[in-house]
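Student: Here's a structure for you.
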Amino acid sequence: MNKTLKYMIIDYLKNFHKDQNIIEKISAFQPDKYYKEYYKENSKYDPYEPIPEIASMYDNIELTQEQLLNTKEIYGDSTIFLKLMPFWDGEGEEFKLNSLDGIEKLSNLEGIFNISFKNIHQQEQLLKLHNLKEICCCEGINEEIKQQLIKNGVTIID
């Protein structure tokens with residue numbers, strides 16, 4: 001599964017679905033201890049790179065089939081990115097989605113928001129999301145794919 005997509009799923013499960021398993025794993029890791037170092041003068045962390053220990057913690061979270069099925073929405077401006085890189089301004093390439101690998105596992109996905117599809121060449125995977133209802137504020141969707149999605153009943157709001 002694409003790492004950025006995984007981060008979006010974790011963010012949804014934590015903040016919208018209130019998945020206790022995800023909340024407990026993140027809480028047990030105690031990410032705040034890394035923020036103290038991050039904000040220090042002469043910190044060992046580069047303010048324009050993800051905090052490696054926090055990225056590793058998120059990378060090591062195993063998502064269950066149930067969690068994937070519980071994911072109803074994904075957001076390209078997820079708050080998880082600020083947890084990984086507190087100075088992230090949303091403009092860099094660090095968390096741009098460049099692949100939809102794994103999105104087919106989100107069979108109950110209903111909404112996709114604030115994601116640029118400009119660098120995603122395999123957009124056909126969107127057509128496999130039979131519960132998809134809305135795509136909002138997402139640029140770069142291939143016109144043929146867009147028309148097929150609309151034909152399938154998906155509302156697309158630029």
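None of the figures in this text is laboratory data; all of them are computed from the coordinates on show. Being a predicted model, the structure only gives us computed values, none of them experimental. Cβ coordinates were reconstructed from backbone atoms using ideal geometry, including for glycine residues, and neighbour counts include every protein chain displayed.
Student: Whole number please: convex hull volume per residue, Cα atoms of segment 29-158, in Å³.
Tutor: 107 Å³
Student: Return the tail of the calculated pair distribution for segment 1-88, meaning the percent of Cα-Cα pairs more than 20 Å apart.
Tutor: On the way: 1245 of 3828 pairs.
Percent of Cα pairs beyond 20 Å in segment 1-88: 33.
Student: Most mobile of Gly92, Gly140, Gly102 per a Gaussian network model of the chain (Cα springs, under 10 Å)?
Tutor: In the Gaussian network model the winner is Gly92.
Student: Among the aspartates and glutamates, select those whose C-alpha is under 17 Å from the C-alpha of Lys3, and discard any that sit fewer than 8 residues away in the same chain.
Tutor: Once the sequence-local aspartates and glutamates are set aside, what remains near Lys3 is Asp11, Glu49, Glu53, Asp59, Glu62, Glu73, Asp77, Glu93, Glu94, Asp101, Glu104.
Student: What's the lysine pair count for segment 21-82 at a Cα cut-off below 23 Å, pairs eight or more apart or interchain?
Tutor: Lysine pairs satisfying the spacing and distance rule in segment 21-82 number 5.
Student: While we're looking at this one, here's another question. Using Cα springs under 10 Å in a Gaussian network model of the chain, which residue among Tyr45, Tyr58, Tyr12 shows the largest mean-square fluctuation?
Tutor: Taking springs between Cα atoms under 10 Å, the residue moving most is Tyr45.
Student: Among the GluC sites (Glu not before Pro) in segment 47-81, which ones are in a DSSP loop with at most 16 other Cβ atoms within 10 Å of the Cβ? Mind listing them?
Tutor: Sparse-neighbourhood loop GluC sites (Glu not before Pro): Glu62.
Student: Please arrange Met8, Met57 by how many other C-beta atoms lie within 10 Å of their C-beta, fewest to most.
Tutor: If I rank by nearby Cβ atoms, fewest first, I get Met57, Met8.
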